[in-house]
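The values are calculated or read from the model by the stated rules, or taken from the named source; none is laboratory data. A quick note: this is a predicted structure, and the numbers were derived from the prediction, not measured. Positions of Cβ are generated from backbone atoms using ideal geometry, with glycine treated the same way; all protein chains shown enter the neighbour counts.
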Amino acid sequence: MPLLTHPLARRALRPFAALVDQRVRIQTRSTSSEIAALRAELDGLRKQSYAVGMLLDRTGRGAHRMPSEEQIATLVAQVSEVSGNPHARRAVTSAFRTVVALEALGVGRLAGGTSNVCGKLATIPLLAPPNPDVLEIGTLHGLFATALTRMMHREGTEPRLTVVDPLIGSQLQPDAVRDNADPTGTPVREDVVRANLALAGASLVPGDGGSPTARIFKGFSQDPEIRAAASDRKYGVIVVDGDHSRDGVLDDLRWVEGIVADGGVVVLDDYGDAAWPGVREAWEAHLASGDTRLEMLGRVATSAFLRRV
Ligand SMILES: C[S@@+](CC[C@H](N)C(=O)[O-])C[C@H]1O[C@@H](n2cnc3c(N)ncnc32)[C@H](O)[C@@H]1O
């Protein structure tokens, strides 16, 4: 008879077997309670991430606002290099919060990916423009101008905005195959731009200081009447973001040469973006003409930063 099945051996081993049984029961109970706890935690995280996704995903705005840690680290390094300012991380973080807040509360959207938009918003104020006059060529819903107003104010300057756009109801781009339906469903109209500028406290009527802090010129940046009206001052900041064709950008650059202040900052949006080759081609042609006082400071994401010297 095998030793372990012998009645005496079985009797002798009974207490140990009972102890093993008890341990296995405890172990199983604690494993299943751990699994239940993990499942509850996962359910909670799923709910949180769904809610955060609704705040930040691309639905209704074209580009999501969920940058990775690496993306932000790259952006901070670029802003820091182009601006030479030690507060690049603060500026990028602040820009990101501003974009999320304004797209949640505003009407419409800011155009462009998160790095592109936050790069412009962070870098412009850090370059310490020589005066508060800002010209944006191509404003879409006016939310970038609104966000820039906030960002410049944070660095101590209350901007005076001039925005130029035909505002014909939808975004105007020369590429006929481009789908002009905006992902927000919001029309590109003057009332929309007004509603958004109001979020930054920008006033379109003369205030206590005697002049409005914002004005909207409805038309093309190539229109002689628009140019005449907008050329009444020298701008500390000019954002070129209207007609993205080579000839359109080149024409804007020639105009910009005459209306940018000494030391003024010019941003060429979508520079180096494969979707808009005309932007880079225009700058290269402009530079090659030899007739420029603009100097390239560098690139942040898909924007080139120039300074008038
Ligand atoms: C890419 S969107 C601008 C986005 C805006 N700057 C932003 O960051 O949210 C381009 C805008 O330029 C406008 N546009 C196109 N051609 C223009 C021109 N010749 N003059 C002024 N605006 C123009 C379009 O209607 C459109 O609203």
Qualifying residue in segment 269-276 (condition: among the aromatic types (Phe, Trp, Tyr), over 19 Å from Leu148 (Cβ atoms) and within 22 Å of the chain's Cα centre (by Cα)): yes
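May I ask you to list the residues in segment 205-233 that are more than 12 Å from the ligand (Cβ to nearest atom), among the hydrophobic types (A, V, I, L, M, F, W, C) and either under 19 Å from Trp276 (Cα atoms) or in contact with a Ser or Thr (Cβ under 8 Å, 6 or more places away or on another chain) (or both)? If you could, list the steps in order and put the result at the bottom.
We begin by selecting, within segment 205-233, every residue more than 12 Å from the ligand (Cβ to nearest atom); these are 205-215, 224-225, 228-229, 231-233.
Among the residues that remain, those that are also among the hydrophobic types (A, V, I, L, M, F, W, C) are: 205, 214, 228-229.
Listed by number, the list holds a single entry, Ala214.
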Criterion first (modelled with pLDDT of 95 or more and at positive phi) does Gly156 satisfy it? yes
Any chance segment 175-184 includes a residue that's within 12 Å of the ligand (Cβ to nearest atom), modelled with pLDDT of 95 or more, of a type in the set (D, E, K, R) and surrounded by 15 or more Cβ atoms within 10 Å (Cβ to Cβ)? no
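Of all residues in segment 234-245 being within 13 Å of the ligand (Cβ to nearest atom) and not in a loop (DSSP other than H, G, I, E, B), which is nearest to the chain's Cα centre (by Cα)? Outline the logic, then answer.
In the first step, residues of segment 234-245 are kept if they are within 13 Å of the ligand (Cβ to nearest atom); the result is 237-245.
From the residues that got through so far, the ones that are not in a loop (DSSP other than H, G, I, E, B) too are 237-240.
Numbers: Val237: 18, Ile238: 18, Val239: 15, Val240: 16 Å.
Among those residues, the one meeting the criterion is Val239.
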Collect the residues in segment 64-84 that are surrounded by fewer than 18 Cβ atoms within 10 Å (Cβ to Cβ) and in a loop (DSSP other than H, G, I, E, B), keeping them in residue-number order. His64, Met66, Ser68, Gly84
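What do you reckon, is Asp262 in contact with a helix residue (DSSP H, G or I) (Cβ under 9 Å, 6 or more places away or on another chain) and either charged (D, E, K, R) or touching a residue at least 40 places away in the same chain (Cβ under 8 Å) (or both)? Give the steps one after another, and end with the answer.
Working: in contact with a helix residue (DSSP H, G or I) (Cβ under 9 Å, 6 or more places away or on another chain): no; either charged (D, E, K, R) or touching a residue at least 40 places away in the same chain (Cβ under 8 Å) (or both): yes.
Against the criterion (in contact with a helix residue (DSSP H, G or I) (Cβ under 9 Å, 6 or more places away or on another chain) and either charged (D, E, K, R) or touching a residue at least 40 places away in the same chain (Cβ under 8 Å) (or both)), Asp262 does not qualify.
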Please indicate, with yes or no, whether at least one residue in segment 121-133 is assigned to a helix (DSSP H, G or I) and farther than 22 Å from Asp262 by Cα. no
Where residues in segment 105-121 are more than 9 Å from the ligand (Cβ to nearest atom) and small (Gly, Ala, Ser), which of them is surrounded by the most Cβ atoms within 10 Å (Cβ to Cβ)? Gly119
May I ask you to verify whether Arg299 is basic (Lys, Arg) and either under 19 Å from the mean Cα position of the chain (by Cα) or buried (at least 19 other Cβ atoms within 10 Å of the Cβ) (or both)? yes
